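**Q** One structure coming up, written as C-alpha cells, with questions to follow.
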Amino acid sequence: MQFEDFFAVVRERLGSDKGEDGSSRKKTDIPTGLLFKCPRCRNVTFIEEFNQNGKVCPNCNYHARLTAKERLKITVDDGSFREFDRKMISKNPINFPGYDSKQQQLRDKTGLNDAVLTGRAKIRGEDIVIIVMDSNYMMASMGSVVGERITRAIEYATAHKLPVIAFTASGGARMQEGIVSLMQMAKTSGAVARHNEAGGLYISVMTDPTTGGVTASFASLGDIIIAEPKVLIGFAGRRVIEGTIKQKLPDDFQSAEFMLENGFVDMIVERNKMRRVLAHLIKLHKSPEVKEVAENE
Amino acid sequence: MNEQLSASRRLDIIRHKGRPTALDYIPMIFDEFFEMHGDRLCGDDRAIIGGVASFMGTPVTVIAEVKGRDLEENQECNFGMPHPEGYRKALRLARQAEKFHRPVICLVDTPGAYPGVEAEKRGQGEAIARNIMEFMTLKTPVISIILGEGGSGGALALAVCDELAMLENALYSVISPKGFASILWKDASREREACDIMKITAEDLVRLKVCDHIIPEADGGAHNDPTQTAENISAFISESLQNLQRKFQKGLDEMINSRYNKFRVVGDFEEFPHSDTTQGECLAENSSNV
C-alpha cells in the first residue's frame, strides 16, 4: 500500500464514522486548532476545557503561557490597571537587518508595543506597580524598551513607596539589539538595588519560560521569588548544555520544582491561588505606621 | 592603533595562541599579589582568580577571569568559563575591598558563564544577577578592563563599574558570535559574518556609550609585545584611579549615582508625545477575579 492510499483509507473510515441518520459525529468535525496539546505531558485536551481551567493542563498541572493582558485580568482588581510608557517603541541600535520591519509586524499582530506591560494597579485594594512580560512578542526577549519600561516602573515604585510585582517570562537578552540589550540587565538590576536600599518590596513571579539574561538579572533578585508549577526556569539553554555534556538531560531539569529543590525559588504557587497569595504577602510587608493610617481613614 | 580592522579579524587576534592572559598580566602590572581562594559557600572556581595586591604602592583588589595558555591550564580553568562559585568568590572579594576601602580592578576575559548541569543546580543565573546588582552599589571604585573576549552575562558580572576599558582588539558582546549565528540564522558556521554585524569592537562600544577607554595593544596584537601592552594597561589604571579620585572628592554617593547613570542611559527607543502615566488604558475590565 502506498502512503497516499493509507490516508485515503483513513479518510474513508473517518467519513464512514457517521450516525445512523448520516450526519457526521461531532468528534470528527473538530479541527486541531480547538485542541490543546500539553508541551510537558503531551496530553490533549479540548481548548474550552483547558481555558476554563485557567490554561492549566488538567492532566499534569502544567501552567501554560498567558498573554500579558490575560495575566493582568486574572491578577489585578477590575479596572485598576493604568499603563506606563505605552507609547515607547524600540529603535535599531546596531542596525540589524530586518529588525524594524519585524517589530512593525509584531506590533500589528499582537497589539503590543514591545514584550512587557508595566503600570500601577491594585490587588485586593493594595496599591502596587506591576510588570508583566508577554512571550508572544519575540519570546519576551529584553531589549531597550523592555529594559527601560521595567527600570522606570521600579523607579516609580521606589519613589512612591509601592511594592513591585514582576511576572517574568523571557528567552533572555534580545540578540538583535546587541550589547545594548546586555546593558539592560545592569540597568534593571540597578533599579532593583535602589528599590532595596529604599526598603521597597519586590516579588518576582517566574512564569514559562524564564531564562537567559532575565534569569541572570532582575528575575532572580526578588525579595520573594515565586514560580508557577512546572515552568521552565534556567540560565543556559537546554540544548546548549546537552551539547556541552554530550548527554540527554532529565525532563524535570530546569523546572520550577528543580529550582525549588536547589534553593533558588521560595515557593511554587498555582495560578488559581496566585492573586490571594500575592495580596497576603503584600499585606504582611506593610509597615505598622502605614497600617494605622489606613485604619484611621 | 589600527581602527580599520574588522571584528572578525580581531577575533583571530584574540584567539591567537600566544595572546597574553590575566596570568601573564597580573605579575607585570601588580606587586605582591596574594591570591585568595574560595566563595566560603561551596568551592573554589579556577576560572576566576582574585586577591589583594599593590598597584604602584596603592593596595587594590584584583579579580580576573582566567583563560589557559595551554591544554593543561585550560582544563584547570575550564577555558575561562566560570561556575557560580567563581562569581560568588568575586563578590566576596569585592565586599572585602569595600570594607578596607580598596579599589577593585576586574580583568574580564571569558567566552561566557559555563553552561553545565552543576552550574545550573548551583544557580548560575542568580550568581550573575547578584553580582550585577551588588557591584552597582559597591562603595568603592571599580575599574573593569576587557582583555580579550567579553562574552555575555558571564562578562557583565565583572563589568558593572565606574570606568570600562577595552584592549584595542578585545570584543564585548551580548552572546558569542557563534551563538548569535546559530540562534538567529540556525547556522553556527556563519560566525565571522555575525561578528562583523554585531557591533562588538572597542570602537563600536565607545560609539554605543558602553566602553569609556580603548587601551592600545602592541603592533599587530598584544602577543607581539606583552610587556608593552601591560605597560599600557598600567598607565590606564593609574590615570583612571586618579580621575575617579578627583571626580568624586565629594564622596562615594556621587560616584555610585554616576555608576548607576552610566548604565541607566543605555537604550535606543523613541516615545510619542503624551505617553505619561495618567493616560493609560484600563485593560482589566469585566474580569471576574476574586
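The numbers here are math on the coordinates, done by the rules we state, and not lab data. None of the values given here were measured: they were computed from a predicted structure. Backbone-built Cβ (ideal geometry, glycine too); neighbour counts: all protein chains shown.
**Q** Can you classify segment A:97-157 as rounded, prolate or oblate using the Cα gyration tensor, where a ≥ b ≥ c are the square roots of its eigenvalues, rounded means a/c under 1.5, and otherwise it's prolate if a/b beats b/c and oblate if not?
**A** Values: a/c = 3.28, a/b = 2.04, b/c = 1.61.
It comes out prolate by the Cα gyration axes.
**Q** What share of the DSSP beta bridges in segment B:1-129 is antiparallel, in percent to the nearest 5?
**A** In segment B:1-129, approximately 75 percent of DSSP beta bridges are antiparallel ones.
**Q** Can I ask one more? Counting pairs of alpha carbon atoms under 8 Å apart in space and at least six apart in sequence, what relative contact order in percent does segment B:38-134 give?
**A** 31 percent
**Q** For segment A:148-198 and segment B:137-175, compute the distance between their C-alpha centroids and round to whole Å.
**A** For segment A:148-198 versus segment B:137-175, the Cα centre distance is 20 Å.
**Q** Can you list the residues, at least 5 places off or on another chain, whose amide H is less than 5 Å from the amide H of A:Leu232, using H built in the peptide plane?
**A** When sequence neighbours closer than 5 places are left aside, the close amide H contacts are A:Thr210.
**Q** Sort A:Val277, B:Val66 by Cβ crowding within 10 Å, fewest neighbours at the top.
**A** Listing A:Val277, B:Val66 from fewest to most nearby Cβ atoms yields A:Val277, B:Val66.
**Q** Can you tell me the relative contact order of chain B? Whole percent, Cα pairs under 8 Å, sequence separation 6 or more.
**A** Once divided by the residue count of chain B, the mean separation gives 16 percent.
**Q** Let me ask you something else. If you take every DSSP beta bridge whose two residues both sit in chain A, what share of them, in percent to the nearest 5, is antiparallel?
**A** Working: 16 of 34 bridges.
Counting DSSP beta bridges with both partners in chain A, the antiparallel share is about 45 percent.
**Q** Cross-link list A:Lys109/B:Lys186; A:Lys102/B:Lys121; A:Lys248/B:Lys17; A:Lys246/B:Lys17: which exceed 31 angstrom alpha carbon to alpha carbon? Each step should come with its number before you reach the end.
**A** Numbers: A:Lys109/B:Lys186 24 Å; A:Lys102/B:Lys121 36 Å; A:Lys248/B:Lys17 33 Å; A:Lys246/B:Lys17 26 Å.
Exceeds cut-off: A:Lys102/B:Lys121; A:Lys248/B:Lys17.
**Q** Along the positive direction of the dipole of chain B (beta-carbon charges: Lys, Arg +1; Asp, Glu -1; about the Cα centre), which of B:Cys42, B:Met81, B:Ser144 reaches farthest?
**A** B:Cys42
**Q** Follow-up. Between exposed chymotrypsin sites (Phe, Trp or Tyr not before Pro) in chain B, where DSSP calls loop and at most 13 other Cβ atoms lie within 10 Å, what's the longest gap?
**A** Within chain B, the longest run free of exposed chymotrypsin sites (Phe, Trp or Tyr not before Pro) spans B:186-290.
**Q** Quick one: helix B:252-264 against the long Cα principal axis of chain B, what's the angle to the nearest 10°, folded into 0 to 90?
**A** It works out to around 70 degrees.
**Q** Let me know the shape class of chain A, please: from the alpha-carbon gyration tensor, a ≥ b ≥ c as square roots of the eigenvalues, rounded when a/c is under 1.5, otherwise prolate if a/b is greater than b/c, or oblate.
**A** Here chain A falls in the prolate category.
**Q** Go ahead and estimate [θ] at 222 nm for chain B from helices alone: -39,500 (n - 2.57) per DSSP H run with n ≥ 4, summed, over the residue count, rounded to 500. Don't skip to the answer; put the middle values down first.
**A** Values: 12 runs with 117 residues, N = 290.
After summing the helix terms and dividing by residue count, I get -11500 deg cm²/dmol.
**Q** Could you put B:Cys106, B:Cys211, A:Cys60 in order, starting from the residue whose Cβ has the fewest other Cβ atoms within 10 Å? Before the final figure, lay out the partial values.
**A** Details: B:Cys106 27, B:Cys211 24, A:Cys60 13.
Listing B:Cys106, B:Cys211, A:Cys60 from fewest to most nearby Cβ atoms yields A:Cys60, B:Cys211, B:Cys106.
**Q** Give the percent of DSSP beta bridges with both residues in the protein assembly as shown that are antiparallel, rounded to the nearest 5.
**A** If I count the DSSP bridges inside the protein assembly as shown, around 45 percent turn out antiparallel.
**Q** Can you give the Rg and Dmax of the protein assembly as shown based on its C-alpha atoms, in angstrom?
**A** 25.9, 98
**Q** Would you mind classifying chain B by shape? Square roots of the alpha carbon gyration tensor eigenvalues, ordered a ≥ b ≥ c; an a/c under 1.5 is rounded, otherwise it is prolate if a/b is larger than b/c and oblate if not.
**A** Working: a/c = 1.42, a/b = 1.25, b/c = 1.13.
In terms of gyration-tensor shape, rounded.
**Q** A further question on this structure: With +1 on each Lys and Arg Cβ and -1 on each Asp and Glu Cβ, how big is the dipole of the protein assembly as shown about its Cα centre, in debye rounded to the nearest 20?
**A** Using only the charged Cβ atoms, the result is roughly 1140 debye.
**Q** Now a separate question. Please compute the contact order of chain A in relative form: average sequence separation of alpha-carbon pairs under 8 Å and at least six residues apart, divided by the residue count, as a percent.
**A** Values: 486 pairs, mean separation 38.1, N = 297.
Relative contact order of chain A: 13 percent.
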